[in-house]
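The values are calculated or read from the model by the stated rules, or taken from the named source; none is laboratory data. Remember, it's a predicted structure, so these values are computed and weren't measured experimentally. Reconstructed Cβ throughout: ideal geometry from the backbone, glycine too, with neighbour counts over all protein chains shown. For accessibility, only protein heavy atoms count, side chains too; no ligands or nucleic acids. Shrake-Rupley method; radii C 1.70, N 1.55, O 1.52, S 1.80 Å.
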2 protein chains.
Amino acid sequence: MNDSPDIKKEIKQSKPFEYKSAEAIVALLRTTDEIKRRISEVTAREDITPQQYNVLRILRGAGYDGLPTLEVGKRMIERSPGITRLIDRMEKKGLVTRNRSGSDRRCVPCKITSRGIEVLDSLRDPMARIEADIDQKMSSNNLDLLIELLAELRK
Amino acid sequence: MNDSPDIKKEIKQSKPFEYKSAEAIVALLRTTDEIKRRISEVTAREDITPQQYNVLRILRGAGYDGLPTLEVGKRMIERSPGITRLIDRMEKKGLVTRNRSGSDRRCVPCKITSRGIEVLDSLRDPMARIEADIDQKMSSNNLDLLIELLAELRK
DNA sequence: TAAAAATAGTTGACTGGTCAAGTAAAATTA
DNA sequence: TAATTTTACTTGACCAGTCAACTATTTTTA
């Protein structure tokens, strides 16, 4: 009770949704939070975070030459300014290797290790199960529609 | 080059999207990441995180009696097991108060302070601008559709 | 009513993520 | 070609989030 007495007057719930988009934003945040939690549960089996999983996918797709550290960061689904640290931790776990490039000595190309590929392989099925579950829940048309609407939102 | 020689064989990009839902998940993560970044930019003006902003909104809506700590956690858009710490930090900043309840001494109801309300007020317009921007970008029908599809995804 | 279970929250140890400033190499420009 | 700018990171300090174990209180149940 150490607040000013007129706090009562000030506390008034604003109209629930002034803009319709506010409701969409909340729905977006909630839905994504839920999906992220499910993905986390899967990646946790191999002691990695969803972000680290994303890096592994990117590096597997990149092939032998690997990719410079910051380029990996740019390709991530969720932007991650802390990409150096993220990859530090992955290197410690033996999931990736890093070697300063010979041609451009500023760059440090990262490559996935065979251990990293093993981890991806072992997560493949449980990850597919998440996707299959959604695929079953929503029609293909609605998924297309959703993808389209989300693209529109991103402009 | 300290990887096994057959790593070359193992690196093969899996088909881009085995399930259509995979593409939707990526779109969802990307879109939400972008929106969250915009929201962060706004809340940063008042030196709070989007989660703290969310707590302030919940507490303003809750009125005088405030809400028990864990109840606040449950109402959050993104679930947050670290709610105690989160509110610790907010209390330090003078945005909320906490007092162990008289009737049930296990509970610690949290209340927003007038300073907390000030912060909400000062973020109101910039936050509305984010919403207005989306409202302008998408038709009301499409927003409804999006909200519906997201609800379907959450089951 | 005493013991057991459930609830509400706190705390400590840890990991992960973020920001700002710094370094080193390459590219650009004067 | 020397000075400047840009690029590609790295590092240090800090904050936020997570997990497991713990305390205190209330509720249930035997």
**Message:** Could you tell me how many of the residues in the stretch B:97-108 are open to solvent by less than 30 Å² (accessible area, probe 1.4 Å) and within 12 Å of another protein chain (Cβ to nearest Cβ)?
**Reply:** 1
**Prompt:** What number of residues within the stretch A:120-132 are more than 9 Å from chain B (Cβ to nearest Cβ) and either surrounded by fewer than 18 Cβ atoms within 10 Å (Cβ to Cβ) or more than 22 Å from A:M90 (Cβ to Cβ) (or both)?
**Reply:** 4
**Request:** Report yes if some residue within the stretch A:35-45 is at the interface with another protein chain (Cβ under 7 Å from one of its Cβ atoms), assigned to a helix (DSSP H, G or I) and modelled with pLDDT under 90; otherwise report no.
**Result:** no
**Request:** Looking only at the stretch B:133-143, count how many residues are facing chain A (nearest Cβ under 7 Å) and open to solvent by 30 Å² or more (accessible area, probe 1.4 Å).
**Result:** 4
**Fill in**
Scanning the stretch A:35-54 residue by residue, those hydrophobic (A, V, I, L, M, F, W, C) and farther than 12 Å from A:L95 by Cβ turn out to be A:I35, A:I39, A:V42, A:A44
**Prompt:** B:I117 passes all but one of (1) within 14 Å of chain A (Cβ to nearest Cβ); (2) among the aliphatic types (A, V, I, L, M); (3) within 15 Å of DNA strand D (Cβ to nearest atom); which number fails?
**Reply:** (3)
**Near pairs, Cβ below 8 angstrom, 6+ apart or cross-chain, from the stretch A:94-106 (near DNA strand D (Cβ under 7 Å from one of its atoms)) to any residue that is open to solvent by 50 Å² or more (accessible area, probe 1.4 Å)** = A:R98/A:E91
**Request:** Within the stretch A:65-93, track down each residue that is away from DNA strand C (no atom under 11 Å from the Cβ) and either free of Cβ contacts under 8 Å to residues at least 24 places away in the same chain or not polar (S, T, N, Q) (or both).
**Result:** A:D65, A:G66, A:L67, A:P68, A:L70, A:E71, A:V72, A:K74, A:R75, A:I77, A:E91
**Item:** Residue match in the stretch A:87-96 (condition: under 25 Å from A:A44 (Cα atoms), open to solvent by less than 70 Å² (accessible area, probe 1.4 Å) and at the interface with chain B (Cβ under 9 Å from one of its Cβ atoms))
**Value:** no
**Message:** Within the stretch A:124-145, does at least one residue satisfy the condition of being in contact with a Lys or Arg (Cβ under 8 Å, 6 or more places away or on another chain) and farther than 30 Å from B:L143 by Cα?
**Reply:** yes
**Item:** Residue that is nearest to DNA strand D (Cβ to nearest atom), among those in the stretch B:42-81 that are among the small types (G, A, S) and closer than 21 Å to B:R105 by Cα
**Value:** B:G73
